[in-house]
Amino acid sequence: MITNRLETIHLPSILRGRSLHSKVIPTVCNLKNMLTKLTEVNGDVSKLKQWEKRCFKAYQLEGIKTELLSVEGDERIKLLRDHILNGEPTYFGANCIDMYLVAYVTENNCIGKDQFFHYMKIMGITDKPNSAQAIWQVGKGDGVYLEILHNDGTIRDWNFFASWIKGN
């Protein structure tokens with residue numbers, strides 16, 4: 001349980017119906033790279049590589065694709081953050097949930113990639129270092145890109161997480 005100035009925030013292992021310990025799939029494509037490629041192909045998802053398509057689908061971006069392509073920088077980040085907060089965690093795939101998992105492990109256990117790897121193993125999520133690395137790298141990278149995590153995986157934006165947990 002973490003306390004900030006406004007309220008106490010508990011990061012549950014089940015995020016509004018989505019368990020952090022099941023269907024955790026290592027992925028190799030982060031959000032920022034996929035969005036760069038999506039922009040390069042003018043939104044034609046069929047031209048994305050397979051791993052980029054998985055990222056696109058994991059974030060359920062079809063409904064906001066046109067708007068995503070029309071904004072950049074802070075506006076794009078705000079659009080993505082709002083999209084995540086307005087969506088149901090059970091509909092999002094691995095990439096999005098990896099961010100929450102990184103924050104969950106970092107804030108409830110210990111900081112650092114090695115501690116994250118240990119958690120993945122003891123929880124039975126994966127005992128493969130490459131899989132744990134992929135989950136860590138994508139979750140942390142997407143969280144840093146969206147300005148909700150610090151580079152060490154700790155939470156940067158507690159208000160975002162409070163809203164994500166509460167569903168508002």
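Throughout, read-outs are computed from the coordinates displayed, never taken from laboratory work. Worth saying up front: this structure is predicted, and the values here are computed from it rather than measured. Because the Cβ atoms are built from the backbone with ideal geometry, glycine has one as well, and the counts that use them run over all protein chains shown.
At 18 angstrom or more along the helix axis (alpha-carbon based) and mean Kyte-Doolittle of -1.0 or higher, what helices does the chain contain? Whole DSSP H runs only. Long hydrophobic helices here: 73-86, 94-108, 129-145. Here the relative contact order of the chain, from alpha carbon pairs under 8 Å that lie six or more residues apart, stands at 29 percent.
In the chain, taking the dipole from charged Cβ atoms about the Cα centre, the farthest positive-side position among I122, N159, N108 is held by I122.
Legend: Rg and Dmax of the stretch 24-168, from Cα coordinates, 14.8, 43 Å.
Dipole magnitude for the chain: computed about the Cα centre from +1 point charges on Lys and Arg Cβ and -1 point charges on Asp and Glu Cβ, it is near 440 debye.
Remark on L15: its backbone amide H falls under 5 Å from those of L20, a criterion applied only to residues 5 or more positions apart or on other chains, H modelled at 1.01 Å from N. The phi torsions of the stretch 43-49, fed into the Karplus equation with coefficients 6.51, -1.76 and 1.60 and a -60° offset, translate into couplings of x, 7, 4, 5, 8, 6, 5 Hz, rounded to whole numbers, with Gly and Pro shown as x.
Of I148, I122, I77, the residue with the greatest mean-square motion in the GNM of the chain, using alpha carbon springs below 10 Å, is I122. Taking the charge dipole of the stretch 24-168 about its Cα centre, with +1 at Lys and Arg Cβ atoms and -1 at Asp and Glu Cβ atoms, the residue from L35, A132, H83 reaching farthest to the positive side is A132. Shape analysis of the stretch 6-107 yields a ratio of the Cα radius of gyration to the Kirkwood radius, Rg/Rh, of 0.99. Considering the chain as a Gaussian network with a 10 Å cut-off on Cα pairs, which listed residue, G73, G139, G153, attains the greatest mean-square fluctuation? Largest GNM mean-square fluctuation: G73.
Among the trypsin sites (Lys or Arg not before Pro) in the stretch 44-118, those located in a DSSP loop and surrounded by at most 13 other Cβ atoms within 10 Å of their own Cβ are K49. Taking a straight Cα-Cα cut-off under 26 Å and skipping sequence neighbours fewer than 8 places away in the same chain, the lysines within cross-link reach of K113 are K23, K32, K121, K128, K140.
Note on the chain: helix-only mean residue ellipticity at 222 nm, from DSSP H runs of 4+ residues weighted -39500 (n - 2.57) and normalised by residue number, equals -16500 deg cm²/dmol.
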